[in-house]
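**Student:** One structure, pasted below without further comment.
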């Protein structure tokens, strides 16, 4: 039987029971269709002769789910004219090097049931959108993220990539300094402004046990105010790049 699992850092998750966002915004938690499971009482024990096919189905299901999750994230980004990404734990997937992604994806897959190689390849494919015209990506990254590595020898190349990506016309990178006054950082989130004017903006958040999509106007407005505060508190331009380069020099 396929095990239910939750994905962190990849744009989708399973059932969210109660969370800070539920309490504050009154948002409804959701279950992604790819991760749906029947109630325990409705499950049937597979026949012995069907177990081999069942194992194959599980493998296929996990592969499809991996692709669907990355496709969902890619679809969100493709449908947005403006993406505002605040990350306080790990670097945004759109900015990760292949080696950083290769090491961090297994660490953010608690059950170990993802096809990690496929997830890495699909995450890197998503990054092509950074080079498309007519889009804008704004990133606020906590300075503490620059001081953590998913593995040995990864960060020099990763931080070099941050400096390079910051030169793209569609990208603005800001760093939230460890030492600052005001601008408390609550948690990571991503704000999407759809390209279609008829579509309302929305926010996605993730915790270890699951993720949530906030569409309620009041909840979205709360995140927009939080973003404005963090954006103002973060170092920009040459100052941001100096922080990145300072950490780059500190890594062996």
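The values are calculated or read from the model by the stated rules, or taken from the named source; none is laboratory data. Everything numeric here is computed off the predicted structure, so don't read it as measured data. For neighbour counting, all protein chains shown are included, and Cβ atoms are generated from backbone atoms with ideal geometry for every residue, glycine included.
**Student:** So, of the residues in segment 136-147 that are over 12 Å from residue 92 (Cα atoms) and in contact with a strand residue (DSSP E or B) (Cβ under 6 Å, 6 or more places away or on another chain), which turns out to be surrounded by the fewest Cβ atoms within 10 Å (Cβ to Cβ)?
**Tutor:** 136
**Student:** Of the residues that sit in segment 214-252 and are out of contact with any helix residue (DSSP H, G or I) (no Cβ under 9 Å at 6 or more places or on another chain) and outside any helix (DSSP H, G or I), which one is nearest to residue 183 (Cα to Cα)?
**Tutor:** Residue satisfying both the conditions and the ranking: 236.
**Student:** Has segment 158-174 got at least one residue that is modelled with pLDDT under 95 and exposed (fewer than 13 other Cβ atoms within 10 Å of the Cβ)?
**Tutor:** Checked segment 158-174: no residue is modelled with pLDDT under 95 and exposed (fewer than 13 other Cβ atoms within 10 Å of the Cβ).
**Student:** Further question on the same structure: Tally the residues that are outside any loop (DSSP other than H, G, I, E, B) and in contact with a helix residue (DSSP H, G or I) (Cβ under 9 Å, 6 or more places away or on another chain), restricting the search to segment 143-171.
**Tutor:** 13
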